[in-house]
Structure formats: C-alpha cells, structure tokens
Amino acid sequence: MPETPTFRRTRQREAIYNVLSEAERPLKFEELLERAREHYPRLGERTVFRNVREMLDDHTLVRVYLPGQPARYELPTGNHCPHFICRNCNNVFVLPEETPDILPEYRAKIPDNFVAEGEEVIIYGYCRECPKD
Ligand SMILES: [Zn+2]
C-alpha cells in the first residue's frame, strides 16, 4: 500500500523530532540533516528544510540565534537555560540550570526610552571534548 503524503510528512517530522530529542546539544541545519539521514537515508534537503520551517511555525522546534553563530535548532523546553559556546569546537550546549531572572532588577539601570524585553546568558569556555591545555 502506498504511503499517503500525510503519513510521509508525519514520518519526516518524527525523524527531525527524534534527532533533536536524542541530540546532546542544539544542531545546525547540516547536522540535523546528516543525523536524520542516518535513520532515513532518502530524506531530501529541501524536504527537511520545509518540515523544519513548518515545525518552527507551529512551535514544535525553536531556532537559536547566538551572536556570531549560525542558526541552530532545538526542542522547546519552556525553561530559560543559558547556552554554552565552546571556544575550541564552536559547538553550542544548553546548560541544565535555569538562569536567574536578572531583568526585573536590572531594568531600573537601563537608560530612559529603552524598552528591555529579554535577556540571554551565554557562557564561553571549553566543552568536555575539548579540554583546555
Ligand atoms: Zn568543544
């Protein structure tokens, strides 16, 4: 019996979802594609791209933009955890502990007429694969 388009699409989204839930860190698009193809070798780049876009639209996926970094993808957690950027391999990790909410306290120090809406904590260092000599 031939697969219906809906069934195929569900499987593709499932593959993307599974890759990200098994990933130890947020993935760049190329990494996501490569890992998804380990399970589904026939997945096309445009197909994955289209599915990622749909999953971003319905908030099944989150795109992470960090300064000077390519976009990465992760599953939404609802937690506000800091990102860790390795200075050697340039991989990005999500640290387990939530960031303290500094904005309410800091808001009074922001110049007049600036509207602060959020804050992002990034910690730089070396990941466990890249010990610092
Ligand atoms: Zn590293």
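The values are calculated or read from the model by the stated rules, or taken from the named source; none is laboratory data. Note that the structure is a prediction, hence the values are computed from the model and not measured. Ideal geometry is used to build each Cβ from the backbone, glycine not excepted, and the neighbour counts take in all protein chains shown. Calculation scope for accessible area: heavy atoms of the full protein, side chains included, ligands and nucleic acids excluded. Shrake-Rupley method; radii C 1.70, N 1.55, O 1.52, S 1.80 Å.
Brief remarks on what is shown
Conditions (1) among the aromatic types (F, W, Y); (2) farther than 18 Å from I16 by Cα; (3) away from the ligand (no atom under 16 Å from the Cβ), marked per residue:
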position: R50; (1), (2), (3): no, no, yes
position: Y73; (1), (2), (3): yes, no, yes
position: P76; (1), (2), (3): no, no, yes
position: C86; (1), (2), (3): no, yes, no
position: V94; (1), (2), (3): no, yes, no
position: G125; (1), (2), (3): no, yes, no
position: D133; (1), (2), (3): no, yes, no
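- First in segment 61-87 and closer than 19 Å to E30 by Cβ, second anywhere and of a type in the set (K, R) and open to solvent by 80 Å² or more (accessible area, probe 1.4 Å), Cβ under 7 Å, 6 or more apart: A71/R63; Y73/R63
- When T47 is tested against (1) over 15 Å from the mean Cα position of the chain (by Cα); (2) more than 17 Å from R13 (Cβ to Cβ), just one condition goes unmet, and that condition is (2).
- Any hit, segment 68-91, residues being assigned to a helix (DSSP H, G or I) and either at pLDDT 90 or above or open to solvent by less than 90 Å² (accessible area, probe 1.4 Å) (or both): no
Rundown of residues vs (1) modelled with pLDDT of 95 or more; (2) open to solvent by less than 90 Å² (accessible area, probe 1.4 Å); (3) within 25 Å of P131 (Cα to Cα), yes/no style:
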residue: V48; (1), (2), (3): no, yes, no
residue: H59; (1), (2), (3): no, no, no
residue: L66; (1), (2), (3): no, yes, yes
residue: N113; (1), (2), (3): no, no, no
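- When restricted to residues that are open to solvent by less than 100 Å² (accessible area, probe 1.4 Å) and not in a helix (DSSP H, G or I), segment 99-111 contains 5.
- Restricting attention to segment 115-133, the residues that are surrounded by 10 or more Cβ atoms within 10 Å (Cβ to Cβ) and either at pLDDT 90 or above or of a type in the set (A, V, I, L, M) (or both) add up to 8.
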